[in-house]
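Right, one structure below, let's go through it.
The values are calculated or read from the model by the stated rules, or taken from the named source; none is laboratory data. These numbers come from a predicted model, not from an experiment. Quick reminder, even Gly has a Cβ in these numbers, built from the backbone with ideal geometry, and neighbours come from all protein chains shown. Ligands, DNA and RNA are stripped out before the accessible areas are found, and what is left, the full protein with its side chains, is counted by its heavy atoms. Shrake-Rupley method; radii C 1.70, N 1.55, O 1.52, S 1.80 Å.
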Amino acid sequence: MSTVSQSAKRITVHTLKKMKAQGEKISMLTAYDYSMAKLVDEAGIEVILVGDSASNVMAGHETTLPITLDQMIYHAQSVVRAVKKSLVVVDLPFGTYQGNSRKGLEAAIRIMKESGAHAVKLEGGEQVAESISRILSAGIPVMGHLGLIPQSIYKFGTYTVRAKGDTEANQLLADAKLLEDLGCFGIVLEKIPNLLTKEVTESVQIPVIGIGAGKHADGQVLVIHDMLGITQEFNPRFLRRYASLSETITDAVKGYINDVKSKDFPSEDEQY
Ligand code: KIV
């Protein structure tokens, strides 16, 4: 018997809801360019997030704040061109929806129109409810993001685990229910205690995807450069590395340099 995701031609927000209802875990990874997105889609991932973490891993910024809407659209276009089955979700970048729901809607429409992505994601609960409602009213699926919300890093000051105390945990739970009531199709929970994730996941019908939020979420998301071991400095407890590509790439580049210098490359067979 095939699973919900195997039997779907294309993954949609409805597929994800069915997966939660049937207890099938959801896999999600970031991608920002054509070649990586093609590999990730062909490997069978259900959701590709064109995350604003592109600001860190693609552009080398310290935070996610500097990336622009035009840059996010460029990354999203590259990903969408590669994808045949996965659902493509794109982050609304910092400054496009906070405090101005009309601007938020304009940004979401640009992403959908210019990239061909399938949904947008934005950070926060109650304080961005108006933006979420306005975007949803245009028929654009919205994913929420609670817990550690990197676009607010300067408000919190650190990247430590969030919602450890009762006040923040209760607010997060209320925000999760609000996102569901507004009509979001899913929620990312970042870096919160595992038992709070369990409570949220059991309290809402929409899929909850965790990053550093423990095993009780309906699915998991990681930044692809981290799980492939391309980034080296970032080593949080929640990160499982599935490859050590930084070593593989460094060894390959060194081998190439060596072969060029020693005149081993190109050989007789590698020229015209
Ligand atoms: O931008 C991103 O990569 C994200 C994930 C960490 C969920 O929002």
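Annotations for the structure displayed:
- Highest-MSF residue in the chain out of Asp33, Asp70, Asp91 [GNM, Cα springs under 10 Å]: Asp70
- Each Cα pair under 8 Å and six or more residues apart adds its separation to the average, and for the stretch 1-90 the resulting relative contact order is 33 percent.
- Here's the list of lysines a cross-link from Lys198 could span, going by alpha-carbon distance under 16 Å and ignoring same-chain residues fewer than 8 apart: Lys20, Lys25, Lys164, Lys177, Lys215.
- Dividing the summed -39500 (n - 2.57) terms of all DSSP H runs of n ≥ 4 by the residue count of the chain sets its mean residue ellipticity at 222 nm at -12500 deg cm²/dmol.
- Expressed as a whole percent, the accessible area of the stretch 134-238 that falls on carbon and sulfur atoms is 53 (1.4 Å probe).
- Only the Cβ atoms of Lys and Arg (+1) and of Asp and Glu (-1) were treated as charged; on that basis the dipole of the chain about its Cα centre amounts to roughly 640 debye.
- Each residue of the stretch 77-91 is assigned a 3J(HN,Hα), and the resulting list reads 4, 5, 5, 4, 4, 8, 8, 10, 10, 5, 7, 9, 10, 10, 5 Hz, derived from the Karplus form 6.51 cos²θ - 1.76 cosθ + 1.60 (θ = phi - 60°), x at Gly and Pro.
- Global geometry of the stretch 4-241, whether rounded, prolate or oblate, following the gyration tensor of its Cα atoms and the 1.5 cut on a/c: rounded
- Between Asp251 and Asp33, the distance separating the two model label sites (each 7 Å from Cα on the Cα→Cβ line) works out to 2.2 nm.
- Within-14-Å neighbourhood charge of Leu105 [Cβ basis; K, R +1; D, E -1]: +3
- Sites matching GluC sites (Glu not before Pro) across the stretch 171-253 that sit in DSSP coil, with at most 14 neighbouring C-beta atoms within 10 Å: Glu233
- Considering only Lys17, Lys215, Lys261, the mean-square fluctuation computed in a Gaussian network model of the chain, springs between alpha carbons under 10 angstrom, is largest for Lys261.
- Local electrostatic count, Phe156, Cβ distance below 13 Å [Lys/Arg +1, Asp/Glu -1]: +1
- For the stretch 153-240, the solvent-accessible area with a 1.4 angstrom probe is 51 square angstrom per residue.
- Environment charge of Tyr32, counting only residues whose C-beta is closer than 11 Å and scoring Lys/Arg +1, Asp/Glu -1: -3
- For the stretch 217-225, 3J(HN,Hα) computed residue by residue from phi via the Karplus equation (6.51, -1.76, 1.60; θ = phi - 60°) reads 5, 6, x, 10, 10, 9, 7, 4, 5 Hz, glycine and proline entered as x.
- Cα pair distances in the stretch 143-272, grouped into 10 Å bins until the bin that holds the longest one, percent each: 12, 32, 23, 12, 9, 9, 3, 0
- Over the chain, relative contact order from alpha-carbon pairs under 8 Å, at least 6 apart, %: 15 percent
- In degrees, nearest ten, helix 194-203 long axis to first principal axis of the chain (Cα): 60 degrees
- 0 to 90° range, to nearest 10: angle between helix 101-115 axis and the chain longest Cα axis: 40 degrees
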